[in-house]
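Participant: For reference, the structure I am asking about is given below.
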Amino acid sequence: MAFQFSFRPRLLDALAGYERARFVKDLAAGLTVAVVALPLAMAFAIASGLKPEAGIFTAIIAGFLISSLGGSRVQIGGPAGAFIVIVYGIVERYGVANLIIATALSGVLLFLMGLLRLGTLVRFIPIAVIIGFTNGIAVLIGLSQVKDFLGLSIARMPGDFFGILGALWGHLHSFNPWALGVAVASLVVIVGWQRWLPALGPRVQFSGQLSVVPGSIVALVLATAAVGLFGLPVETIGSRFGGIPGALPALVWPAFSWESARFLLMPTITLALLGAIESLLCARVADGMIADRHDPNQELMAQGIANFVTPFFGGMPATGTIARTVTNVKNGATSPVAGMTHALVLLAVILVAAPLASSIPLACLAAILMHVAWNMGEWREFARLKTYRMPYRVTLVAVFLLTVIFDLTVAVEFGILAACVVFIYRISSLSRGERLTAAEQPALAGHDNRLQAWRLYGALFFGATKLVEALEDDLPSTVLVLDLKNVIYVDSTGAEALDNLLQTCRRQGVRLIVSGLMAQPLDIARRTGLLERLQAQSPQDVQPDVAHAVAVAVAGLMPAPEPAGDE
């Protein structure tokens, strides 16, 4: 079938019959999501070793592009916690200029993945790998925020696990109790806001309306007000970064060199794979909430465009974000207009209220990220490990530890490799062979030494060729019947093993009759020439089913009738 390019954003379908009532819902949802996104965007950027405006610019530009061009009706794109560890590592090792290059190249890869219709392949990554690196990233995010949570004076945090631990331990003497107090109070507000307010019910006026406001924004406002009113000696966005610009981002063109780009191959692939996984998993969650089905390939192409464009305007990697998408859905979003509105609201905040961001305490942002990291992890999976098989446990724990201690790229590579090995082992163990008896095929009775019939099950691939090799070691004297009706797949190695069996049979004077070649096994037998070689001595050596094959074999064992002589 010829390749067909398809680029159709979900926005085009969502606007069909679009009416004022839906626009009001989308507008309200977009406003709410913008309130949620603002503190998260700044916190993610700061934790990644960038300035806070990098997160906001990403939420604006990438958020607008992902919503307007994506394959989901309600997905919200922007900076995500999953990227913090990777982005920080790239900035630490290669600098911001190379982060721009790596992000743009990952956008190209994402677009190509969508263009080549590889969106569904992302779903084949095992859940143990996803949980392992998600929990590992959550631990690293939480660990990276200890510095601002405690108010430690560390000029620059290392990028590796043991370096972070050493830096924290070596600077505990610079602990700031005021920063800790702001962080703990902020965390209490964030955690308690959504839990306690609904419980108060009718005793608090407007409790229903207030519960819509996220706890993170409440903590942000209260912490900023407390620091400003009481002059608390804690570090703020203004004291560290000089505030955020109140203007549109300018185009930034990095100095490109092949010498540096060649070191960015693995970070680029990691950004692309993680972005694809996060966005498509998020879209699947949204589908379940709105009873819809997203277009994974269109979503990847939109993610690719967003990640290619955003870094040249001071942004960072972007993907679909579960927390903001769920907020979008719960607040009544009906179309991508809600996501586009959220981006435009953030743009208005930048243009109007940028000076206010200078007073935001970093301890409060650290508390927000601590809460994000806790919600991000699937911690119950560790308690449930004993209910799973050993390969699942080893894969999950190994990916988790490799993510925390070494590197996310190494962890994902190991996890996928381990999952592939386990899968190959399990499939090969499911493939088996059994010898047919006279009870199943009565014609076999009395021919034990001269005639054998074997039935194979499962997949005959490079991990299961031992089944065929075992037959070569114990051939009958005259005829071997091989029933492949229950073999669902044969690869080139499996076809070669059958060909070797055929050659061995002919060298030892044994006739090989094959039956039950179906669909894919029959196709590869034709394409490799195996079918032609099987029928070279007799067309009857390939039969549709085992009963016919045994009948042909038994008929070949009978001596030919002697010609009648003259009397």
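The values are calculated or read from the model by the stated rules, or taken from the named source; none is laboratory data. All values reported here derive from a predicted model rather than from experimental measurement. Positions of Cβ are generated from backbone atoms using ideal geometry, with glycine treated the same way; all protein chains shown enter the neighbour counts. These accessible areas exclude ligands, DNA and RNA; they are computed on the full protein's heavy atoms, side chains included. Shrake-Rupley method; radii C 1.70, N 1.55, O 1.52, S 1.80 Å.
Participant: Let me cross-check Tyr489: its accessible surface, 1.4 Å probe, with only protein heavy atoms counted, in Å² to the nearest 10?
Facilitator: 100
Participant: Still on this structure: Over the chain, give the accessible area per residue in Å² for a 1.4 Å probe, as an integer. Walk me through the numbers before you get to the answer.
Facilitator: Details: 26680 Å² over 567 residues.
Accessible surface, normalised per residue, equals 47 Å².
Participant: Here are a few candidate values for percent of Cα pairs over 43 Å apart: (i) 40; (ii) 37; (iii) 44. Which one was actually calculated from the structure I just gave you?
Facilitator: Checked against the structure: label (ii).
Participant: Highest mean first, how do 462-471, 165-174 rank when packing is the count of other Cβ atoms within 10 Å averaged over residues? Could you put the intermediate results ahead of the total?
Facilitator: On the way: 462-471: 17.8, 165-174: 12.3.
Result, highest mean Cβ count within 10 Å first: 462-471, 165-174.
Participant: For Thr334, what residues show an amide H to amide H distance below 5 Å, using hydrogens built from the backbone and excluding near sequence neighbours?
Facilitator: For Thr334, whose amide H was placed from the backbone, the distant partners under 5 Å are Asp26.
Participant: Setting aside same-chain residues fewer than 8 positions from Lys147, which lysines have a Cα under 19 Å from its Cα?
Facilitator: Lys51
Participant: Starting from the 7 Å offset along Cα-to-Cβ, what nm value, one decimal, do you get for the label separation of Phe5 and Lys330?
Facilitator: Distance between label points: 4.1 nm.
Participant: With θ taken as phi - 60° and the coefficients 6.51, -1.76 and 1.60, list the Karplus ³J(HN,Hα) couplings across region 145-160 in order, rounded to whole Hz; mark glycine and proline as x.
Facilitator: Couplings: 8, 4, 4, 6, 5, 9, x, 6, 9, 10, 4, 8, 7, x, x, 9 Hz.
Participant: May I ask you to compute the full-extension gain from Gln540 to Ala354, defined as 0.36 nm times their residue separation minus their alpha-carbon distance, rounded to one decimal in nm? Show your work: numbers first, answer last.
Facilitator: Numbers: separation 186, 0.36 × 186 = 66.96 nm, distance 8.32 nm.
Between Gln540 and Ala354, full extension yields 58.6 nm more.
Participant: Rank these residues by their accessible area, most exposed first, probe 1.4 Å: Leu69, Leu369. Present the calculation step by step, with values, prior to reporting the outcome.
Facilitator: On the way: Leu69 40, Leu369 0 Å².
Putting Leu69, Leu369 in descending order of accessible area: Leu69, Leu369.
Participant: Also, I was wondering about something else. What are the ³J(HN,Hα) couplings of region 442-449, residue after residue, when phi is run through the Karplus curve with 6.51, -1.76, 1.60 and θ = phi - 60°? Round to Hz, x for glycine and proline.
Facilitator: x, 5, 6, 4, x, 10, 4, 7
Participant: Based on the mean of other Cβ atoms within 10 Å per residue, sort peptides 539-549, 329-339, 12-22 so the most packed one is first.
Facilitator: Details: 539-549: 17.2, 329-339: 23.1, 12-22: 11.3.
The most tightly packed comes first, giving 329-339, 539-549, 12-22.
Participant: Right, another one. Taking amide hydrogens as modeled 1.01 Å from N in the peptide plane, which residues meet the under 5 Å criterion relative to Gln543, leaving out close sequence neighbours?
Facilitator: Here Val514, Ser515, Gly516 satisfy the definition.
Participant: Given H placed 1.01 Å from N in the peptide plane, which residues other than close sequence neighbours of Asp292 have an amide H under 5 Å from its amide H?
Facilitator: Residues meeting the amide H criterion: none.
Participant: Between Gln503 and Lys466, 0.36 nm times their residue separation minus their Cα-Cα distance comes to what? Before the final figure, lay out the partial values.
Facilitator: Numbers: separation 37, 0.36 × 37 = 13.32 nm, distance 1.64 nm.
Net length gain for the segment: 11.7 nm.
Participant: Next question, about the same structure. Tell me, what is the percent relative contact order of region 384-511, built from C-alpha pairs under 8 Å that lie six or more residues apart? Display every interim value, and only then the final one.
Facilitator: Details: 153 pairs, mean separation 25.5, N = 128.
Reported as a whole number, the value is 20 percent.
Participant: What FRET efficiency do you get for Ile405 and Arg435 if R0 is 41 Å and r is their Cβ-Cβ distance, rounded to the nearest 0.05?
Facilitator: Numbers: r = 51 Å, r/R0 = 1.24.
It comes out at approximately 0.20.
Participant: By per-residue mean of other Cβ atoms within 10 Å, what is the highest-first order of 247-259, 437-449, 402-414?
Facilitator: Numbers: 247-259: 10.7, 437-449: 13.3, 402-414: 19.9.
The densest-packed peptide leads the list: 402-414, 437-449, 247-259.
Participant: With a 1.4 Å probe and all protein chains kept in place, how much accessible area does Phe263 have, in Å² rounded to the nearest 10?
Facilitator: It works out to around 100 Å².
Participant: Roughly how big is region 233-325's charge dipole about its Cα centre, with Cβ charges of +1 (Lys, Arg) and -1 (Asp, Glu), in debye to the nearest 20? Please list the in-between numbers first.
Facilitator: Numbers: 5 positive and 7 negative charges, 29 e Å.
With Lys and Arg at +1 and Asp and Glu at -1, about 140 debye.
Participant: Considering Cα pairs under 8 angstrom that are at least six residues apart, work out the relative contact order of the chain and quote it in whole percent.
Facilitator: Working: 1007 pairs, mean separation 127.8, N = 567.
So the answer I get is 23 percent.
Participant: Let me ask you something else. At 30 angstrom or more along the helix axis (alpha-carbon based) and mean Kyte-Doolittle of 1.0 or higher, what helices does the chain contain? Whole DSSP H runs only.
Facilitator: On the way: long enough: 20-47 (40 Å, 1.47); 177-200 (32 Å, 1.35); 265-290 (37 Å, 1.46); 408-430 (33 Å, 1.88).
Within the chain the helices that satisfy the rule are 20-47, 177-200, 265-290, 408-430.
Participant: Show Glu381, Glu496 ordered by accessible area, largest first, where the area counts protein heavy atoms only and the probe is 1.4 Å. Provide the component values of the computation, followed by the final result.
Facilitator: On the way: Glu381 20, Glu496 110 Å².
Per-residue accessible area, sorted high to low, gives Glu496, Glu381.
Participant: How big is the antiparallel share of DSSP beta bridges in the chain, given as a percent to the nearest 5? Write out the running numbers ahead of the final one.
Facilitator: Details: 7 of 23 bridges.
Beta bridges within the chain, antiparallel portion: roughly 30 percent.
Participant: Sticking with this structure for a sec: Determine the shape class of region 379-429: with a ≥ b ≥ c the square roots of the Cα gyration tensor eigenvalues, call it rounded for a/c under 1.5, and otherwise prolate if a/b is greater than b/c, oblate otherwise.
Facilitator: Details: a/c = 3.55, a/b = 1.17, b/c = 3.03.
Since a/c reaches 1.5 but b/c is at least a/b, the shape of region 379-429 is classed as oblate.
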